[in-house]
Structure formats: structure tokens, C-alpha cells
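A.B. asks: What follows is a single structure, and I will ask about it in a moment.
Please treat every number below as a calculation from the coordinates, not as lab data. A quick note: this is a predicted structure, and the numbers were derived from the prediction, not measured. Quick reminder, even Gly has a Cβ in these numbers, built from the backbone with ideal geometry, and neighbours come from all protein chains shown.
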């Protein structure tokens, strides 16, 4: 029998609210099976994942260190996703932001000017912006698919990074290792608590979140943006620009990713090296959807994902879990969330002859 | 609401149990050793050898020592958190298994003076932070002599990880050894910029063979890819750290093995009796850390005798791989006859010796 998905007219409100918890429960059940097969302790593992990230001030500070860039990029990507502009290349935009921002401490190694950090923020934003402007231009001018262009540009950004690290920007005292000099203090965000890695860059994503919330929920511009991406013809008819939605979505995301990349090199890493993104560009996509593309939902989603990420790192040490199991656990969580989410909003129905093609509306 | 309550109960339950379980797990008499590794332990390779280095300690101290190993961790901000957690969990002796852990490891060491660190391949030192490296070039010099005995094309190929001094000095040693037998021999290098990239390692090995090389040197690759290519293509091949002989039953030239056991045992003992002092640990043939073995039977008996003689001279100190005269790639003399490149010059080496075709990546 053939089945088809059909959107429920009124999804149960309780279930919508319960979806994340159902997903967590399913994940715990499925990963318990995996852990039992591996012969690992269930208690120790879940303790690592959910409790250890809150055990000490240091652990909590690490959660927020992860939270900042995830929140920032997810928030920005969600704007585009709502307008159906699929920017998959935040990773590359982040790298370009990190690169451009690093040019300041690389070329002015001795400077302790107070303008160092602001200049790096601006350059970081600019780097991401430029990298996102390319797919925006190609999409609006030549109708090139932005999914492919943004994704491919990530590889290009990575190669530029490798080139700089092996060539012109290599630390002259670094024994030929592919990394730049360690940045001077003036080029780093000051830590919020001395001795910890959590720093004042966290303020930027929080301000940005408030801005996005006001813009998307209270401002007409947010509405125009969503309509422009969702129903281009309707938007044109109403006098909103569909191209405008593409440009705005990509540029905002690029800028956010660029600043996030800058905050990594001017924060926990303290230099430009081969791994600068920690996969934030991709994780942020998960966060945006876990948060149902809603500014407030994303705050919770980013926090939750940070917790299980830190928990995952701790599980490696405390629960003796291999890193692949940690990735499976995190993957299971996403899959069960998306499955639960879909089943709450859609139902299976035997396939009927299609009479009217209805454009599916935004989830 | 039902699921809410259940979840809450679960968390409380888990917490209580786990706290109970944790209080008993660490006791004061035992030493916990944290080991952070950049690649999978697997069956062979760098990480595998590092873990084997603790076998002696496990035998000696039995249950009084626990090893907490975390493998396959990329160098970067996440590695930092994991080593912090290791120290936080009460590991008092930490092995950091890769160069890239250096800066965060050093900061951690400075914050935790009661914890002893040993760090592979680095150059920064603190009171409780010792970088360690092997003098691989002593072994690769001997391999170069064997290669010279077997090569017909007079072209040798190297697949290298990163162009850092440790690897540059090893390849230079290889070239010096080969050219000490036959000065017409040349060496080509392909740099991968990765410790672990089976696909690229394989492709590079094939490219070197296509270019005429009939001896391969797999330099610091944590995968037997180059070794298997050698066997398939009929090129003799050797590698560093641990034997990969089973991947090349007929064409395995030998191995420049590292036995970290003596050094790790000494370091752990020093930590336990409070005499651990951070210093640059640079260990070679004379310390039994660099061991060349599994020589291919195709090497002529005459050459084998020469190799053994040179090995004995290096061990006794009568001969040094970097004895002058040494020339760089442009043919300029760098070390005069009768002189010797000093330790600093080798540890920071940034030039290739004559006979290596590939320019150093700048």
C-alpha cells in the first residue's frame, strides 16, 4: 500500500511542546542499547552527558563558550531558512571571517592599540559578508542554486586557509607548523572569569538574538523577508523584492558567521590554525531546526546542543566512550527529533489521486 | 506532563546514583594517567606505539596505575577541554600525543603544578612539562644505506606528513645514508599536511613510483597505505614508529621503531618520587628508544655488515649522522668537514641536504 504524508490541520499543542522531550527519550533508549552492546555503563555515560557539564564553574563556562557561536550562526541562518534561502556554507563564511580578522594581529604583531579588536570584528564581519555575497549574486543574477554554491565555497575557503598557514602567514618561530603567531592580548577578547576561556564575545550573539527577535516578530521587514522567499510571485505582486530576501538572508548569515569565526581565533584558539570552526557552521543548521526556526526556540536549542557537546567531550574521558559513539549519540538525537517533529505535524494517509496541487506551506 | 515528571525523576535518580558511584572511584594511593591521542589506536602506527609504551608501567604497578586513554581527538579547541577534564578528573600524569596540543597543554601545566606532562614532538618546556622526540634520523640513515643497496633507478620517494624539523631531519638522514653509499641517488618528497590520510598517502605513493622511485619511505603516516602500495608495485618500503611488515610480506625494507617504554617508565617513576623535571627529552639509538629491525633478507650480507658497523658507531657516539661536510640543496656548504651540526641546528632544521630534489615548502 502506498502511503503519503499529509499535513495535520491542527497538530496537538501538547505534542508540539513535548517533541524535544520525546526525542530525548527515544535517544536515551536507542543509545542505551548501543551502550549495553559496547559494555559501557549507562549511568556513567548519561551522567557525563547531562550532569557533568553543570558540575563546575569551569564546565558551565565551557558550555557558554560553545553556546555563543552556535546561537549566533543558528539565529542568522534561521532568518534565511524561513525565507527558504538555504545557506549551507556558514562554515566557509566563518573561515573567511577568521582569516580576514587574523590579518590584523598577523601584520601588526606588536600593536596593543585598543582599536585592534574592533578592527578585527569589522574585518571578520566583512570576510563572512563577502563570502556570502558570492552565492547571493549568483543566485539573484544567474539563478544558481545557493545550496551548492555555499557548500562548495566552504572548500575554497578551507584551501585559502591552508595556503595562508603553509605560506605567507606561517609563524616564523613555529618550526614550519601550519599556524600563525599566537595573538597578543590586545587582539583577544578579555575573559569574563579570569583563567577560563569564556570571553566577552558572548555579548554579541545575545544582542543579535534580541535584534532578530524584534525584527522577525515585530517588524514588517521580517514579514516581507519571509514572504519574499516563500512565495516569490506573491511577494513581487505585493511589491516586496524576492531578490532582496536572498541578499538579506545570505548577507546577515555571512556577517554573523564571519564574526563567529573571528571570535574563535580571538577567543579560545588565540591564533589562526587549520581547525578554526569546530564544525559550528554545520551544527548551527541543526540548532536552527531544533529551535523550530524561532528566535526563542533557537536559544534553547543552542544551549541544549552545547550541553550535549560538552557532555560528549566529557563522556570520552569519564565514561571511556569512543568518539564515534559520541557522534552516534548526537546524531540519534537529531534524527529522533526530526522524526518526532514530522509525525506531530504530518500524518500518514493512503495515497489518493491528486486533484489539486497545493503548495505546501512553511513548517 | 506525564513525560515531564518521568524525565525529572530520571535525572534525580541518575544524579544520586552517579554521585554515589563516583565518590568511590578515585583513591589517593593510585596514579591515574591521562593519554590524549590524535589518531585511532588501531592495530599499528603512532598512537598504538604510544599506548604500548605504558605496558612496562602497567606490569610494574599493576592495579595501582590506571590509564585513561582518549583517542582520535583533532587538535583544536575541543582537545583543550578534554585535557582540562582529564586533569579535573584527577589524572596526575598526562601524555599529550601530538604537536598541536602544545599551547593549550602548556597553559594547563602552568595552572596545575602538581601534574606532570610529557608532550610528543613539541619544543616548549616548563617545570612540569617535557617535550619528547625521537632521533629518527639515526634510524633513517641506516635505512638509507639499505635503500642504496637495493635501488636500481637510484630514485627514492618519501611520503611526509608535515614539513617540521622532526621530519625534515629524518628525511635528510635518509638521503645522507643513501648517498653515503651512492652519491648519484636522489630523493623526492610529497608532503600531505596530515598525519592520517589514507587516500592521499596512497595516491602520493603511486605518484612517486610512477616518477621512477623504487624505494618508499612512509614518514609519520599513521596508516599502512604507503606500505601496501609498495608491496603491490614492487617497491621496497619502510616506515617509522611500529612495524607494518605484515602489510608488505616481501617488500618490507624494515622499520625504524620507537620503543617509548624506557622513557615513559622513567618519567612515571620520576613523577611518583617527586623528581620529575621538565626538559627537552631527545632520545635516540643510544637510549634504546630508536630501534631499527626487521631488515629485508634481500639486503646483501656485505651491506648488512656495514649497516651494523655504522649503527654501533652511532650508538657509541663515534659517528654522527650530521657530521660535516654537509651541503644544502643548492650545493652550498652548511657544515664544514670535521665539524658537526649542533643539536639546536638539528632540532630547528629548515633546509634539505644535497640530493633531495623537492624544495622545502616555504
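A.B. asks: Kindly list the residues of the range A:271-298 that lie in the label zone of residue A:17, defined by a backbone N under 20 Å from the point 7 Å along the Cα-to-C-beta vector.
C.D. replies: Only A:290-298 pass the distance filter.
A.B. asks: Where a ≥ b ≥ c are the square roots of the eigenvalues of the C-alpha gyration tensor, would you call the range B:264-308 rounded, which needs a/c under 1.5, or, failing that, prolate if a/b is larger than b/c, or oblate? Don't skip to the answer; put the middle values down first.
C.D. replies: On the way: a/c = 5.52, a/b = 3.67, b/c = 1.50.
Prolate.
A.B. asks: Could you list the residues of the range A:1-43 with an amide nitrogen less than 15 Å from a label point located 7 Å from the Cα of residue A:348 in the Cα-to-C-beta direction?
C.D. replies: Inside the label zone: A:1-7.
A.B. asks: Have a look at the DSSP beta bridges in chain B and tell me what percent are antiparallel, nearest 5.
C.D. replies: 20 percent
A.B. asks: Residue separation times 0.36 nm, minus the C-alpha to C-alpha distance between residue A:296 and residue A:184: what's the value? Walk me through the numbers before you get to the answer.
C.D. replies: Values: separation 112, 0.36 × 112 = 40.32 nm, distance 3.61 nm.
Result: 36.7 nm gained on full extension.
A.B. asks: Taking the Cβ of each residue in B:51, B:291 as the centre, tally the other Cβ atoms inside 10 Å and list the residues starting with the fewest. Each step should come with its number before you reach the end.
C.D. replies: Working: B:51 18, B:291 14.
The most exposed by this proxy come first: B:291, B:51.
A.B. asks: Just report the Cα centroid separation between the range B:149-196 and the range A:110-124, whole Å.
C.D. replies: That distance is 44 Å.
A.B. asks: Run the numbers for residue A:56 and residue A:163: contour at 0.36 nm per residue of separation, minus the present Cα-Cα distance, in nm.
C.D. replies: Fully extending the segment from residue A:56 to residue A:163 adds 34.5 nm.
A.B. asks: Could you check the spin-label model distance between residue B:111 and residue A:147? Points 7 Å from the Cα along Cα→Cβ, value in nm.
C.D. replies: 4.2 nm
A.B. asks: From the square roots a ≥ b ≥ c of the eigenvalues of the alpha-carbon gyration tensor of the range A:210-260, which class results: rounded (a/c under 1.5), prolate (a/b over b/c), or oblate?
C.D. replies: oblate
A.B. asks: For chain B, what does -39500 (n - 2.57) per DSSP helix run (n ≥ 4), summed and divided by total residues, give at 222 nm, in deg cm²/dmol to the nearest 500?
C.D. replies: When only DSSP H runs of four or more count, the value is -12500 deg cm²/dmol.
A.B. asks: Full extension from residue B:188 to residue B:273: what is 0.36 nm times the residue separation minus their Cα-Cα distance, to one decimal in nm?
C.D. replies: Extra length from residue B:188 to residue B:273 when fully extended: 25.8 nm.
A.B. asks: Rounded, prolate or oblate, given the Cα gyration tensor of chain B, with a/c below 1.5 counting as rounded? Show your work: numbers first, answer last.
C.D. replies: Numbers: a/c = 2.24, a/b = 1.81, b/c = 1.24.
Since a/c reaches 1.5 and a/b is larger than b/c, the shape of chain B is classed as prolate.
A.B. asks: Once the Cα atoms of helix B:77-88 and of chain B are each reduced to a long axis, what angle between those two axes, in degrees from 0 to 90 to the nearest 10, is obtained?
C.D. replies: That helix lies at roughly 60 degrees to the long axis.
A.B. asks: Okay, moving on. If you take every DSSP beta bridge whose two residues both sit in the range B:78-152, what share of them, in percent to the nearest 5, is antiparallel? Show your work: numbers first, answer last.
C.D. replies: Values: 1 of 9 bridges.
Given both bridge residues lie in the range B:78-152, the antiparallel proportion sits at roughly 10 percent.
A.B. asks: As a footprinting exposure proxy, order B:123, B:136 by other Cβ within 10 Å, with the fewest listed first.
C.D. replies: With the sparsest Cβ surroundings first, the list reads B:123, B:136.
A.B. asks: What is the angle, in °, between the Cα long axis of helix B:102-111 and the longest principal axis of the Cα atoms in chain B? Nearest 10 is fine, range 0 to 90.
C.D. replies: 40 degrees
A.B. asks: Quantify how strongly other chains surround peptide A:311-317 by giving the mean number of their Cβ atoms within 10 Å of each of its Cβ atoms. The partial results should precede the final answer.
C.D. replies: Working: counts 0, 1, 9, 5, 1, 12, 15.
That works out to 6 on average.
A.B. asks: Would you mind ranking B:188, B:63, B:288 by Cβ crowding within 10 Å, fewest neighbours first?
C.D. replies: Ordered from fewest to most neighbouring Cβ atoms within 10 Å, B:188, B:63, B:288 come out as B:63, B:288, B:188.
A.B. asks: Using alpha-carbon positions, what is the distance between the centroids of the range A:282-337 and the range B:295-356, in Å?
C.D. replies: Cα centroid of the range A:282-337 versus Cα centroid of the range B:295-356: 52 Å apart.
A.B. asks: While we're here: Compute the angle between helix B:2-23 and the longest alpha-carbon principal axis of chain B, please, reported from 0 to 90 degrees and rounded to the nearest 10.
C.D. replies: It is inclined by approximately 70 degrees.
A.B. asks: In peptide A:170-181, what is the residue-averaged number of other protein chain Cβ atoms found within 10 Å of each Cβ?
C.D. replies: That average works out to 5.
A.B. asks: Pop a pseudo-label 7 angstrom from the Cα along the beta-carbon direction at both residue B:298 and residue A:33 and give the gap in nm to one decimal.
C.D. replies: Label at residue B:298, label at residue A:33, 5.1 nm between them.
A.B. asks: Can you give me the Kirkwood hydrodynamic radius for the range A:41-320, using every pair of distinct Cα atoms, in Å to one decimal?
C.D. replies: Across the range A:41-320, the inverse of the average 1/r is 19.3 Å.
A.B. asks: For residue B:286 and residue B:180, what is the calculated FRET efficiency with R₀ set at 22 Å and r taken between the beta-carbons, to the nearest 0.05? Before the final figure, lay out the partial values.
C.D. replies: Working: r = 20 Å, r/R0 = 0.91.
It comes to 0.65.
A.B. asks: Right, another one. Using only helices, what value at 222 nm comes out for chain A when you add -39,500 (n - 2.57) per DSSP H run of length 4 or more and divide by the total residues, to the nearest 500 deg cm²/dmol?
C.D. replies: That calculation yields -22500 deg cm²/dmol at 222 nm.
A.B. asks: Here's another thing I want to ask about it. Counting DSSP beta bridges in the protein assembly as shown, what percent are antiparallel, to the nearest 5?
C.D. replies: On the way: 16 of 58 bridges.
Rounded to the nearest five, the antiparallel share is 30 percent.
A.B. asks: Hey, another quick one. Let me confirm one metric for peptide A:59-69, namely the mean number of other chain beta-carbon atoms within 10 Å of its residues' beta-carbons.
C.D. replies: For this peptide, the per-residue mean of nearby foreign Cβ atoms is 1.
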